[in-house]
């Protein structure tokens, strides 16, 4: 769908083209960088024209608007524009060359997006390298171009721009009592934008610090790792100052330490390991390119970063102790905090969802590493029975199969799958007898996924409803509990295995969701393994909650807000959408905020929030962060928020510096199931939740929420914050 506001798209794309050079979408950094490029007015103007032309051409050629807005097409053209703008005097030939250099760079960018992108790798500044080398080789024959003298006589230019005062300020900065290495660091930063002076680098360093404390720390780590390696190996350290190649170490450290890799002790370690490789490639390629009188620019950075990211894809396990960023947030801090949060919240989502194969509350008579069977290669299995309030598994004397509560009870498919094996003809044993010749008795084996099968055994004779090759749905009745095989009393044997055969060894695989019932209280278990004597059941879904959190694309809601001081209602318009990547979110038209969510049928999760953190949508995101869609009186659901959601910038500024090594901030979510009018046919439910942020386990800030549900939807949301109450009512 075409953007209805192309000017806004081009504006965003232009600004982001500057910050993307540092893997950012921070506009403060972008404007600082834009300002730095205009230290040389002609270079800055050339770079800006290149970006605008690139984005306009990409837009009218129909390329991805998201990529345009993020500056992914523009930043390579920016570098090319700066490179030729600082080299040549502006004239007619120059602007013609600039236009065609933009087209060349865009074509190279799109080509690299396809060639390098098919390996799931970024194209970085590879298009810039090819374009700038081709241009400088070609322009040796372009006699209408004149070499620029700007930047050669820096003091004269400063005097012309600001008089003696500006010249004196320049000398003051250069005479600051700071180490030579730090001056080289600043010059290296400036050189990224073809500004070969420390002042430009200082401004860029400030911009990086504003954008990312982790990025700033990594820039110093990368540069000084190279600086000291030069000294150790005896290479000419002045090359860093004269050739302005130190930015390769800075860009590499930010890319590997915090952008493509989640910031951690391991990512910092690998930065230190990779920097000497950059030094080797830098020295070697400089010698080669000197023959052609070309600069290597960012070639070492591109070689090492792409190579390292490429070899990571061949790992069979996490032996390098580094974690690639899954969902890119354009900030080392957000990458770290989001992935820490996601790994804790959804660490088990790679498990195929397996449910308990029965209705109601059943007791585990034998669990993994059982007392009688479930030994050795068959240790990961469960036996389930039904018990009464006196903890008995049968009525009367239990000498008949029919007296056992679980006998002839339905057995359900634990997940969708294909019936692989069926045995149905074995007679049920009398109580106390066992059939050692047909150990598993009547059995069903179901294939759920590659290398994942479930096996249900000791089923009732001729009770199996499906044959081999049939497809079953989760929750369908597939058989009834019996007493066949090696079974002295009725029970249901349940195991997961990697192969389709009856008698296959078991695998250690969890039950996705279940309720642990104990002493009139409940506990929700996720991707866990029931233990002996546990009384367990599937989540009994509540119709009201299930419908209230059934947010389908196109659903619209009107929210009327009233706070305690203002009796005038404010109307908010919410609507559910799905983005390009099939992520669902609630969108507030009033605040342009988005709350991304996921619902797997058992649990509603909010995953991410973008927009106004004072909006009602944000408070709903906080209040309903994780909601089990069944109602169990007083059950408590806990979760963790990303730490940046509730903490102020001053505290986060401190945390950011040490976050890869230690987290002293924690943000917790607690939900309690408070009231239901009728468990069988509910029309009114009240849930209470709390958001707390803690520093060293001491609560610093908290917000209380109350959610009421009526008529199959959210009815009222109450927010209590700092003694003030805000009430929001929902009308569908």
Self-check item: Hits in the stretch 120-161 (condition: in a helix (DSSP H, G or I) and modelled with pLDDT under 90)
Solution: 154, 155, 156, 157, 158, 159, 160, 161
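How do the strands (runs of 3 or more DSSP E) wholly within the stretch 508-601 filter down when requiring 1 or more residues that are at positive phi and in contact (Cβ under 8 Å) with a residue 12 or more places away in the chain: which remain?
Numbers: elements: 511-518, 521-528, 535-537, 556-563, 566-578, 584-588, 593-599.
Passing ranges, in order: 521-528.
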Quiz item: Restricting the search to the stretch 327-385, which residues are in contact (Cβ under 8 Å) with a residue 40 or more places away in the chain, in a helix (DSSP H, G or I) and farther than 30 Å from residue 656 by Cβ?
Solution: 377, 378
Practice problem: State which residue is farthest from residue 601 (Cα to Cα) when the search covers only the stretch 629-653 and only residues that are within 22 Å of the chain's Cα centre (by Cα) and in a strand (DSSP E or B). | Solution: 640
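Which residue out of 653, 709 is on the phi < 0 side of the Ramachandran plot and crowded, with 17+ Cβ neighbours inside 10 Å? Don't jump to the end; show me each part of the working.
Details: 653 fails: crowded, with 17+ Cβ neighbours inside 10 Å.
The match here is 709.
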Self-check item: Lone unmet requirement of (1) crowded, with 23+ Cβ neighbours inside 10 Å; (2) not in a loop (DSSP other than H, G, I, E, B) for residue 71
Solution: (2)
Quiz prompt | Number of the exception - residue 443 against (1) assigned to a loop (DSSP other than H, G, I, E, B); (2) under 30 Å from residue 469 (Cβ atoms) | solution = (1)
Quiz item: Of these, 266, 253, 225, which one is outside the structural domain of residue 19 (by TED's automatic domain parsing), assigned to a helix (DSSP H, G or I) and surrounded by 24 or more Cβ atoms within 10 Å (Cβ to Cβ)?
Solution: 253
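The values are calculated or read from the model by the stated rules, or taken from the named source; none is laboratory data. Because the structure is predicted, anything quoted here is derived from the model rather than measured. Neighbour counts are summed over all protein chains in view; Cβ atoms, including those assigned to glycine, are modelled from backbone coordinates with ideal geometry.
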